[in-house]
Amino acid sequence: MNLANLNGLGTVLLVVGFFVAFWAVAAYVVGLRTRNGSLMASGRGAVLALAFVLTMTVLILWGQFIGSDFSNRYVAEHSSTDLSLGYKISGLWAGNEGSLLLWAWLLALYAAVVTFIRHEEGQELLPFVSTILSAINLFFLFIINFLSRPFVALSPVPPEGMGLNPLLQDPGMVIHPPMLYLGYVGFAVPFAFAMASLLANQRGGAWIKATRRWTLVAWLFLSIGIIFGAEWAYVVLGWGGYWGWDPVENASFLPWLTGTAFFHSMMIQERRGMLKGWNMALIIITFMLTIFGTYLTRSGVVASVHAFGDNVLGMWFLIFMLTSLAAALYLIISRRHLLREEHQFEAVVSKESSFLLNNLILVGLAFAVFFGTLYPLTSGWLTGNKVAVGPEYYNAIAAPMGTLLILLIGICPLIPWRRASVRNLMENFLYPFAVAAVITVVLFFAGIRKLPALAAFGIIAFVLATIAMEFFRGVRVRLKSGGESLPTAVWSMMSRNRRRWGGYTVHIAVTLIVLGIVGSSSYQVSKTYTVGIGQTMSLGGYTLTYKGLQQTRQGQAEVVLADLDVSHGGKAVGKLRSQKEFYPNSEEPTTRVGIRGSYKEDLYVILNGWEQDQTANFKLVINPLMAWMWIGWYILAVGTVFAAWPAGRAAAAVQHQGSAAMAQSD
Amino acid sequence: MYAVVLALALVIVLYLIGRPLFRPDWDEEAQLLQGRVDASEMERERVFAALVEVENDYQMNKLSEADYQELKRQYTRQALEYLKNSASPSPAGMRPARRKPRPDLKQVEAEAEAEVALALGAAAGRPAAVPGSLYCPHCGAEMLSVGQKFCHVCGRPQRREA
């Protein structure tokens, strides 16, 4: 180790980090067993020290990227002097070693925040939680120190780096991976609280309450990560479209699905003391799936456009995943008496049962995606031939299950806890059903004749109508009580019950996302043209006039741009540019599509190729309702932030809905 | 220079880890394990939250009149129990430093009812609805007089019969 350069300093700090994490685990374990406050406090200090040390190492690596210090092999392999600052910073997570360091760093930051902020509930679990988070980080620090080192020195130092993979040179690279990592790592917190409650022999649902906000935060980051990835894959060809059911895409979708199931079913435990074992299982599965995603990306067991592929690392992740799973299952089995249900389902039609159905669909969909993702592996084991399933498999499963899920989004909020009466169902569902029926009929006569799409639009109308009805009823109740203006009534109603109204906002967002998916997949039209300069192409009312090619240089890339004038209904509406980028470190060019978007549809133009005389080949695509998908995701983020935002005192009382009261009422 | 940076980092790490070890009176963490939130306080909050939810569900037409009345009666009874218990003197051996006079039972009940009404008022988003005050605890309508026995809007009684 040579302390004369940053590689040496970074390496030593990572070793220090490993021992600090080890000390945190050891001090907490011994402190908890002997009730030694000083040792536990030392463990607490170690959690903070680890965050400090890893922040230093990350800053050092960032400094090397920004300063183009190619004496570091990782920097030389993922950067070059002509990269913009954003891409240099993104170099941290462009490869295996850096992304694992990012994981460890984020986990250390999460652990420090969890350990040092005051939790209204579950505070007594913190020593256990900090131990578990530090133990997880110990594994990552082991990997970074011994198997995937980010500070390996190169000698002689190359004059220039190899640059960033061209497919990664997109603004999405700055946001998409760190958001996903924040989501993945964030799920370690509720997992740690769940395990802590078992270790502490806690029967109640304190861990559920303590982790509600953490779960939402992790889920929010994961959602943002997924949306930025989808937007990136939509504008740059090569990733398989906004959603290509690629194994690593699936790996991010899996914990999202089970995480969604978890924060729905946790409400049942909070209110009714039910589904305790199910919630434990869900958060364990969710955490395991975040590790599974990392395993999938690094093991090379399945082919993916996202994968790093390293068999040795993959094996270690598999060992860690199986060990963690075995430990979690042992805890659940040995402490199963703590998970005894306080209630049973009282009626088939109740909020509890509708939530359970929602959970079963989400977990069923997760299982189907998991099965499809690993099919190449299992088929290889069973038959000797690796067979991958295509998007058709996933779409065939996701479409009906997704439709049912959306329908439940409309039904669940209108059903009361415990049991629903026929009169209640009639009164609550009559108007939304009528609205949905009218809209479906109108759409049918407007030309929407594809049955699955028509059914989906009808269900979306039903869901939006139920939420609108809830909203108006709530506002009316407040206005009837008098003394409030309409805006005040709306705000106080929503802010008093952030979880409910944040949840409704997310539900609206999900329906908009589905609207975009159904519209763009059911009514997509496309046409391919080969045209010379000045010639026109037309599709769906648009006319595009090809104006010729230009060649330019953008950073490392040689870029060929095709300019097009766009008119709609005979009226000029603007210009469009589609391009191909040629990077020196890649044989394949990167295709960046030209998009003209509106709330109605996206005109999507792909430059396929060209001849010497500038005759060019284009593919024109119209993706109806695409914009609603993106709008939906952003509303989802807003709704989640609203739901997770700390409530005021009055609102906290409303949100503080526990199971015990319901328990005693039976 | 990097050796100096490393040395400084090590000093900070050792300080954070080592400081509690040299203070044997450090019992903050041990207290944390014992300092669980008062269970009865949590139960009370939950009962009030349930009351608020029942009121919300009823007003939003999610509960039948019969279910609403039944649930409300149950939770109100529980809420009153918690409030009475919290006002009663501490168990033997746990007396507060200054002995307070034993509260009058009727006064406790009145205060409890007021607090329940306050929670229900908050659920419906109306002003504090205290029995005997200027607002009906059921519908939030403003009373015509303080001593009014029945609400002139919803017709429900304003005071419980003894």
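Before moving on, here are some points about what is shown:
- The stretch A:425-516, relative contact order in percent, only Cα pairs under 8 angstrom and at least six apart counted: 27
- Part-to-part distance (alpha-carbon centres) for the stretch A:438-492 and the stretch A:49-119, which is given in Å: 46
- Computed over chain A, Kirkwood Rh from alpha-carbon pairs, angstrom: 27.3
- Under-5 Å amide H pairs with A:ASN608, H placed in peptide plane, nonlocal only: A:ASN617, A:PHE618, A:LYS619
- Highest average packing first - A:530-537, A:637-644, A:265-272, A:221-228, Cβ atoms within 10 Å: A:265-272, A:221-228, A:637-644, A:530-537
- Label-to-label distance, nm, for residues given as B:GLU81 and A:LEU318 (7 Å Cα→Cβ offset): 5.6
- Entries in A:LYS276/B:LYS72; A:LYS571/A:LYS619; A:LYS351/B:LYS62; A:LYS480/B:LYS72 that, when Cα-Cα distance is taken, lie over 19 Å: A:LYS276/B:LYS72; A:LYS571/A:LYS619; A:LYS480/B:LYS72
- Between A:TYR431 and A:ILE117, residue separation times 0.36 nm minus the direct Cα-Cα distance comes to 108.4 nm.
- The alpha carbons of the stretch A:170-407 occupy a box of 51, 41, 41 Å along the principal axes, longest dimension given first.
- Structure-based [θ]222 nm, chain A - -39500 (n - 2.57) summed over DSSP H runs of at least 4, per residue, nearest 500: -21500 deg cm²/dmol
- Cα shape, the stretch A:127-246, gyration tensor, a/c 1.5 rule: oblate
- Long-range HN-HN contacts of A:GLY548 with modeled amide H, under 5 Å: A:GLY534, A:ASP563
- Estimated translational D of the stretch A:525-624 in µm²/s (Stokes, Kirkwood radius over Cα pairs; 25 °C; 0.890 mPa s): 177
- Pairwise label distance in nanometres, A:ALA388 with A:LEU59, each label 7 Å out on the Cα-Cβ vector: 4.3
- With viscosity 0.692 mPa s and temperature 37 °C, the Kirkwood radius over alpha carbon pairs of the stretch A:434-498 converts through Stokes-Einstein to a diffusion coefficient of 241 µm²/s.
- The calculated FRET efficiency for the pair A:GLU611 and A:VAL573, based on their C-beta separation and a Förster distance of 25 Å, comes to about 0.30.
- Between A:ASN165 and A:SER586, full extension at 0.36 nm per residue minus the direct alpha carbon distance yields a gain of 150.8 nm.
Quick note: the coordinates plus some simple rules give every number you see, no bench work behind them. Here the structure is a predicted model, which means the values were calculated and not measured. Reconstructed Cβ throughout: ideal geometry from the backbone, glycine too, with neighbour counts over all protein chains shown.
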